[in-house]
Amino acid sequence: MQQHEHDIEKTKLAKKIAGEIVLAQEPGAAIQKWRTIFKIPQRELAQKMSLMPSVISDYESGRRKSPGVAMIKKIVNSLLKIDKTNGNTITKQFNSLYSNETLSDAILDICETTKPYTLKDITTYVNGKLINEENEPQKPLYGYTIIDSLKAIIELSPKELAKLYSMTTERALIFTKVERGRSPLIAIKVTNLKPSAVIFHGPKEIDRLAQRIAKVEKIPLIISQLETVDQLIANLKTNIKPV
């Protein structure tokens, strides 16, 4: 990507982050979300902003009132500057995931959140059963995508499959119409992007190769035991609040 194009994409990302913080019911939670996505500790962000770490902590916890426009701009610019020193890792990921193109009809529902949800939370919401245990720290979930797996596997290219992640990989990919789960896990491996969790709706058991891929990639696998896709969508909409 040429420098001019990179600058345009960086500006787009900055506006996205700032807009989400401004519009969030809990601005501190939105700040924490993006700091987590950028994988930047509070202390490092505070140091970049020439602040005490307690200031960032107070904003994120809600102990300090909502930041003004100038402070939000400073936070966003600091996140992007730190990411630049880290090779623009998150900015590049955003560029590869974010698109204004019409979403494929393989996507049944998609949700972005400000509040982080845990693996336990979403397992409960989908009436799920966790089928693999990981000793690695579990990543927070900032959204989910519900996918018609047959349409996705047949119709979408690897580049288009990456769009299933929307704004961030820290989300649950939920595949419906699944028999054994092999194809979705292979598709995830091909995209080289790892979600926080994969949920299958439909199968009674998961293919061994799919389980092996999940273990290597350290992706939690869950089987939803809800009877219908409509129930799945309704439960998630009831319990997970979008941005």
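A Cβ distance below 6 Å, combined with a sequence gap of six or more or placement on separate chains, defines the contacts here; from region 193-222, residues that are within 23 Å of Y117 (Cα to Cα) and among the β-branched types (V, I, T) reach residues that are assigned to a loop (DSSP other than H, G, I, E, B) and at pLDDT 95 or above in the pairs I199/V126.
Whether any residue in region 28-42 is more than 30 Å from I199 (Cα to Cα) and outside the structural domain of M167 (by TED's automatic domain parsing) is what I want to check. So far as region 28-42 goes, yes, one or more of its residues are more than 30 Å from I199 (Cα to Cα) and outside the structural domain of M167 (by TED's automatic domain parsing).
Of all positions in region 106-119, none carries a residue that is out of contact with any His (no Cβ under 9 Å at 6 or more places or on another chain), over 19 Å from T168 (Cα atoms) and either in the same structural domain as P27 (by TED's automatic domain parsing) or surrounded by fewer than 18 Cβ atoms within 10 Å (Cβ to Cβ) (or both).
Can you find a residue in region 160-182 that is closer than 17 Å to I110 by Cα, without any contact (Cβ under 8 Å) to a residue 24 or more places away in the chain and part of a helix (DSSP H, G or I)? So far as region 160-182 goes, no, none of its residues is closer than 17 Å to I110 by Cα, without any contact (Cβ under 8 Å) to a residue 24 or more places away in the chain and part of a helix (DSSP H, G or I).
Every listed requirement among (1) in a strand (DSSP E or B); (2) at pLDDT 90 or above is met by K115 save one, (2).
When the residues of region 120-139 are filtered to those that are charged (D, E, K, R) and modelled with pLDDT under 85, the one that is surrounded by the most Cβ atoms within 10 Å (Cβ to Cβ) is K139. Note on region 64-85: residues that are in contact (Cβ under 8 Å) with a residue 12 or more places away in the chain, surrounded by fewer than 18 Cβ atoms within 10 Å (Cβ to Cβ) and among the polar types (S, T, N, Q) total 2.
Looking only at residues in region 140-182 that are at pLDDT 90 or above and among the small types (G, A, S), the one that is nearest to I17 (Cα to Cα) is G143.
The residue of region 23-63 that is surrounded by the fewest Cβ atoms within 10 Å (Cβ to Cβ), among those that are in contact (Cβ under 8 Å) with a residue 24 or more places away in the chain, outside any helix (DSSP H, G or I) and not aliphatic (A, V, I, L, M), is Q25.
The values are calculated or read from the model by the stated rules, or taken from the named source; none is laboratory data. Just so it is clear, the model here is predicted, and its values are computed rather than measured. Backbone-built Cβ (ideal geometry, glycine too); neighbour counts: all protein chains shown.
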